[in-house]
Amino acid sequence: MIKKTILFSLMIVLFINCWGDKKTAIGTNFNDTSFVSKNFKTKIYFSDLASPCSYISKEILAKLYNVSVDKILTIEGNAQNKTCTLRVKLSDEEYNYLVGSIRFYEEKDKLEDGTSWVESWQLQKGISKSAEWIPNLGNAALWIDKKRELRVKFKNYTMAINVPGAAFNKKEKALNRDYKKIALALADKTPILK
């Protein structure tokens with residue numbers, strides 16, 4: 001029984017490592033800070049962020065997905081979680097839409113353990129197979145392809161744009177959308193980055 005349990009556990013670990021996005025952090029270069037922008041200045045602070053849906057352009061999103069603006073639905077989260085759910089309606093069928101979000105979360109520049117956000121971001125990049133740095137965006141920006149997510153660091157907070165998509169929708173996958181390009185286009189029109 002113990003051998004079967006060990007074998008089963010080993011198979012799960014291999015499955016996750018082969019098809020998942022996680023990898024070991026061994027080899028992460030914690031001396032590399034080239035991804036940090038020295039010139040970016042945060043203009044809107046975390047406490048001043050209101051209505052997360054106002055930071056996404058419905059018109060741009062509609063153009064990127066080749067739908068009319070009325071097919072873009074946004075659902076505002078509450079004031080505490082600073083999240084906006086994005087839905088791109090593809091047809092009149094009840095559940096035929098793609099889901100994404102824009103959210104803001106507090107991420108202090110100096111962490112309680114004495115480290116800075118830089119080490120935390122180096123680690124995030126190091127443990128994701130599909131992560132890549134995006135230059136000249138915020139204090140730093142990280143694209144995680146497997147999650148369709150762009151993270152942009154500001155002073156003491158982070159903006160995460162999760163591009164609308166559906167991993168198991170065959171028609172959507174066949175379109176082979178460039179989610180990174182979509183995320184960067186949405187970020188480019190976000191007023192807090194101007």
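Is it true that some residue in region 119-140 is of a type in the set (Gly, Ala, Ser), more than 14 Å from residue 186 (Cβ to Cβ) and at pLDDT 95 or above? Within region 119-140 (the criterion being of a type in the set (Gly, Ala, Ser), more than 14 Å from residue 186 (Cβ to Cβ) and at pLDDT 95 or above), the answer is yes, since at least one residue qualifies. Of the residues making up region 58-69, none is modelled with pLDDT of 90 or more, crowded, with 18+ Cβ neighbours inside 10 Å and among the charged types (D, E, K, R). Kindly evaluate residue 152 against the criterion of being surrounded by 18 or more Cβ atoms within 10 Å (Cβ to Cβ), in contact (Cβ under 8 Å) with a residue 60 or more places away in the chain, touching a helix residue (DSSP H, G or I) at 6+ places or on another chain (Cβ under 8 Å) and within 20 Å of residue 86 (Cβ to Cβ). Criteria not met by residue 152.
Inclusion of residue 108 among residues that are in contact (Cβ under 8 Å) with a residue 24 or more places away in the chain and within 17 Å of the chain's Cα centre (by Cα) is not warranted. Annotation note: of 120, 116, 101, the sole residue that is surrounded by 13 or more Cβ atoms within 10 Å (Cβ to Cβ), within 12 Å of the chain's Cα centre (by Cα) and farther than 16 Å from residue 180 by Cβ is 101.
Which of the following residues is within 15 Å of the chain's Cα centre (by Cα) and either outside any loop (DSSP other than H, G, I, E, B) or exposed (fewer than 15 other Cβ atoms within 10 Å of the Cβ) (or both): 137, 186?
Numbers: 137 fails: either outside any loop (DSSP other than H, G, I, E, B) or exposed (fewer than 15 other Cβ atoms within 10 Å of the Cβ) (or both).
It is 186.
Residue 179: aromatic (Phe, Trp, Tyr) and within 18 Å of residue 58 (Cα to Cα), yes or no? Spelling it out, residue 179 is indeed aromatic (Phe, Trp, Tyr) and within 18 Å of residue 58 (Cα to Cα). Within region 123-134, the set of residues being surrounded by fewer than 20 Cβ atoms within 10 Å (Cβ to Cβ) and aliphatic (A, V, I, L, M) comprises 123, 127, 134.
The values are calculated or read from the model by the stated rules, or taken from the named source; none is laboratory data. Note that the coordinates shown come from a computational prediction; the quantities given were computed from them, not determined experimentally. Reconstructed Cβ throughout: ideal geometry from the backbone, glycine too, with neighbour counts over all protein chains shown.
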